[in-house]
Amino acid sequence: MKYFISVLFASFFLIGFSFIVTSNGICDIKNGKTIYEQSCMDCHGKDGKGVLAPPHLESDRFKSQAGVVALVDYIMPATSPDFCTGTNAEDVSAYCTEEFKYKIPKETIAAIDATDAEGRKLLFDQTCSVCHGVDGKGDLARPIVGSTLFKTGEDVVKFIDGLMPFHNPRKCKDECAANTARYVIDSFDLKLSDR
């Protein structure tokens with residue numbers, strides 16, 4: 001009986017190492033590794049140093065785990081963007097974050113005081129920069145710098161409130177949208193008719 005309990009305990013212990021707990025629940029690292037090896041490794045490399053695509057070893061590009069998931073969920077792999085979505089995207093994102101030691105800040109959006117310029121910059125960096133770039137010149141999404149897309153500051157607020165961030169629409173609404181819009185308007189020289 002002791003042998004059986006020991007084997008059972010050891011099995012649970014080993015199984016536990018193949019999962020990671022994230023804000024979205026439990027991710028299966030083994031599944032993430034399998035997906036990475038089958039669908040990502042040819043471009044990003046076995047060691048994450050990049051082959052045909054940018055390296056992601058120790059990347060500081062992502063400001064949150066949700067940003068990693070969003071990138072994978074919406075546009076990866078580049079050859080077949082609809083292939084890795086939902087829990088598979090969460091699993092491969094968790095694997096990449098652990099395996100390639102992503103430098104993701106500990107702060108969360110809820111903890112950000114965006115009432116001053118520094119707080120608004122942090123809000124933008126964590127919510128928007130993974131797609132628009134920290135300099136607003138675009139990365140995965142169109143550039144914001146010098147944009148003529150909006151006529152008024154209120155248009156910017158409404159756009160963010162209703163549609164942004166792209167990977168989680170309406171996550172940033174009300175005060176978050178207003179603060180982000182203020183940072184974008186103040187920092188990226190939007191061509192607004194009401195300025």
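The values are calculated or read from the model by the stated rules, or taken from the named source; none is laboratory data. Bear in mind the structure is a predicted one, so any value in this text is a computation, not a measurement. Cβ sites come from the backbone with ideal geometry, for glycine too, and all protein chains shown count toward neighbours.
Per-structure values
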{"item": "Residue that is charged (D, E, K, R) and surrounded by 21 or more Cβ atoms within 10 Å (Cβ to Cβ), where the choices are R120, R142, R182", "result": "R120"}
{"item": "Residue count for the stretch 36-47, restricted to those that are within 19 Å of the chain's Cα centre (by Cα) and either surrounded by fewer than 19 Cβ atoms within 10 Å (Cβ to Cβ) or farther than 22 Å from T87 by Cβ (or both)", "result": "0"}
{"item": "Tally, over the stretch 61-99, of residues that are over 18 Å from L140 (Cβ atoms) and surrounded by 14 or more Cβ atoms within 10 Å (Cβ to Cβ)", "result": "8"}
{"item": "Checklist (1) touching a helix residue (DSSP H, G or I) at 6+ places or on another chain (Cβ under 8 Å); (2) of a type outside the set (S, T, N, Q); (3) exposed (fewer than 14 other Cβ atoms within 10 Å of the Cβ); (4) outside the structural domain of V145 (by TED's automatic domain parsing) applied to E58, failing item", "result": "(1)"}
{"item": "Within the stretch 142-195, considering residues that are of a type in the set (S, T, Y) and assigned to a loop (DSSP other than H, G, I, E, B), the one nearest to C128 (Cα to Cα)", "result": "S147"}
{"item": "Helices (runs of 4 or more DSSP H) contained in the stretch 40-133 and holding at least 2 residues over 18 Å from C172 (Cα atoms) and hydroxyl-bearing (S, T, Y)", "result": "86-99"}
